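**Student:** Pasting a structure below so you can have a look.
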Amino acid sequence: MKNYESFYFKSLGNTCALEKIEKEEFYTLFKEPLLLTKVSLSWEIIDNDDMVKLKMSIFNENKRIESVYFRKEIKTLVFIFKKKTGLFYFGEYTKPFRKKKMVGTIKTFPQVCMTDKFIGQLRVLFKMLQSSDWKKSQFVKDYVVEYRGILEQYQNKVLDFIGYPREKMRLTDFVFLLKLRKYDVKIPNNWTTFVYMYLHKKNVKLNNYNLVDCFLMRNDKIGNIYTKKYKKFFNTADITPLDAINIVGNLRILKSLVGPNYFKEYDLNDLKENLHGFSFFNSQFIQYITNQDRLNIHRYILKSLEVGNRNLHSLHDHLGYIHELHERIGTSPRFVFKSLEEFENEHYELSNMVHKMRNGYMVRNYDPKFEKLFYDSFDGFEVKLLKNSDEYVEESNHQRNCVKTYTKDKDCFILSLRDSDDKRITIEYEKSYNGVIRKQTYGFANSQVDLNIYGKALSMLDTTIEKYFKKTDDFQYEMITKTIINEFYQYTHPQKISWKNLETKNSYSIFEEENFNFTTNF
């Protein structure tokens with residue numbers, strides 16, 4: 001079965017709009033500097049005793065009349081299912097205008113079939129036709145929709161052959177299903193949860209052809225996170241493939257933190273809502289942990305989960321401090337805390353050590369208009385913008401947090417919201433894709449903020465800052481760093497900071513109440 005269509009177009013001025021023309025008109029435009037384009041979509045399905053094959057091609061041919069330049073491209077997708085062996089092949093080919101053999105590769109059992117570029121070209125082609133004067137013609141097609149329909153026909157033919165009920169599924173799911181059938185894996189009802197897993201024939205055999213055992217790497221001594229509790233969870237879990245991968249990755253981090261013995265004590269049903277807190281842990285920070293450290297970390301995590309996972313970011317910072325001390329001076333303190341309160345004290349002392357080791361005195365010179373934003377009170381609270389190392393250290397000492405280690409962070413600024421009794425909350429605003437986001441809002445020793453008391457002031461503060469950044473094309477300030485080695489060697493390094501030139505972290509939300517107590521601890 002073949003379907004082939006060819007049309008001629010000419011561009012309208014300098015726009016992407018196209019006008020359909022007859023082939024004969026091509027030869028009348030020798031003097032006009034117009035770009036002529038020939039486009040088509042070709043596809044073919046073969047279903048015989050040996051294979052089920054789909055071949056789909058995009059043809060692009062263009063030429064500028066007054067130029068000798070001529071270009072013709074063919075981009076082809078090929079899907080082959082071998083009936084006798086059960087193997088599935090996927091490949092993408094390109095062919096230049098010269099008469100050469102198609103070049104490309106065919107991959108057996110790809111983990112993910114990447115057809116994004118091919119689909120993107122189809123989508124661009126359809127949009128060009130839609131934007132032209134020819135868009136009302138009956139010949140205009142949505143080539144992306146046509147591609148989906150053709151691929152569904154192909155998939156249904158293969159599903160019929162292997163005896164699996166016809167159903168609409170993504171190409172990735174389809175490929176994974178064929179792999180499961182080829183390897184004789186037992187297919188659970190929630191098999192689509194595991195489609196992002198790399199499945200190797202050797203691992204399938206080692207894990208008795210059980211999909212969940214393969215996913216948990218039950219018989220892999222290095223990556224194994226298998227427990228009967230976790231197997232039961234994944235056998236019935238109704239989660240997305242990406243969530244499944246993230247959960248397993250975070251479980252491995254948890255296991256490396258507390259060790260295999262304490263790891264068995266965790267219940268995944270309790271952990272699954274809090275596992276995202278482990279995703280940012282740096283594996284290098286864990287290399288200096290001892291067995292006694294693991295016990296204390298285990299107790300700390302259990303207590304942290306009881307209060308809503310709020311301190312896991314502090315634990316990551318804590319590990320980072322220990323790693324930095326060990327790398328710089330060859331030794332580091334141990335985890336001696338046995339309660340959350342003891343951890344806060346230990347974390348505070350450790351942050352002091354790191355701050356002294358890093359050296360330097362910082363001064364930030366902000367735009368006077370920006371500083372003026374905080375002259376007035378916010379619902380009766382005073383707001384102080386921290387501008388030098390002394391103020392960062394004083395805030396950190398008063399609040400028992402590690403904000404003093406943020407002095408050189410260029411993509412954020414710190415505010416201190418204070419009442420008449422000098423009771424404070426420390427606030428970090430950070431550069432985001434939308435301009436700025438309030439990333440951290442914490443009270444004394446990283447305690448949660450009472451929105452009944454501070455909610456209105458925070459809302460007013462968010463609104464004030466949001467208005468300022470909407471009027472500001474680029475947030476700029478001067479950062480002066482003074483480094484004192486001894487009385488003879490002192491350096492001053494002034495630097496102009498422009499947020500427009502800084503890399504933006506993945507922070508999308510902005511000024512929403514549900515973010516008041518969100519993200520990392522100081």
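**Student:** Within the group Lys423, Lys431, which residue is under 15 Å from Trp499 (Cβ atoms) and basic (Lys, Arg)?
**Tutor:** Result: Lys431 is the single residue among Lys423, Lys431 that is under 15 Å from Trp499 (Cβ atoms) and basic (Lys, Arg).
**Student:** Could you check Asp390 against (1) under 34 Å from the mean Cα position of the chain (by Cα); (2) among the acidic types (Asp, Glu); (3) under 24 Å from Pro494 (Cβ atoms) and say which number it fails?
**Tutor:** Evaluating Asp390 over (1) under 34 Å from the mean Cα position of the chain (by Cα); (2) among the acidic types (Asp, Glu); (3) under 24 Å from Pro494 (Cβ atoms) leaves (1) as the failure.
**Student:** Taking the stretch 238-271, which residues are in contact (Cβ under 8 Å) with a residue 40 or more places away in the chain and surrounded by 18 or more Cβ atoms within 10 Å (Cβ to Cβ)?
**Tutor:** Hits for the stretch 238-271 are Ala244, Leu254, Leu257, Val258.
**Student:** I would also like to ask the following. What about Ser396, is it touching a Lys or Arg at 6+ places or on another chain (Cβ under 7 Å), hydroxyl-bearing (Ser, Thr, Tyr) and assigned to a helix (DSSP H, G or I)?
**Tutor:** yes
**Student:** Please specify each residue of the stretch 401-417 satisfying the condition of being surrounded by 15 or more Cβ atoms within 10 Å (Cβ to Cβ) and basic (Lys, Arg).
**Tutor:** Hits for the stretch 401-417 are Lys404, Lys410.
Values in this text are rule-based calculations from the coordinates and carry no lab data. Since the model is a prediction, treat every value here as computed from it, not as a measurement. Here Cβ is always computed from backbone atoms with ideal geometry, including for glycine, and neighbour counts include all displayed protein chains.
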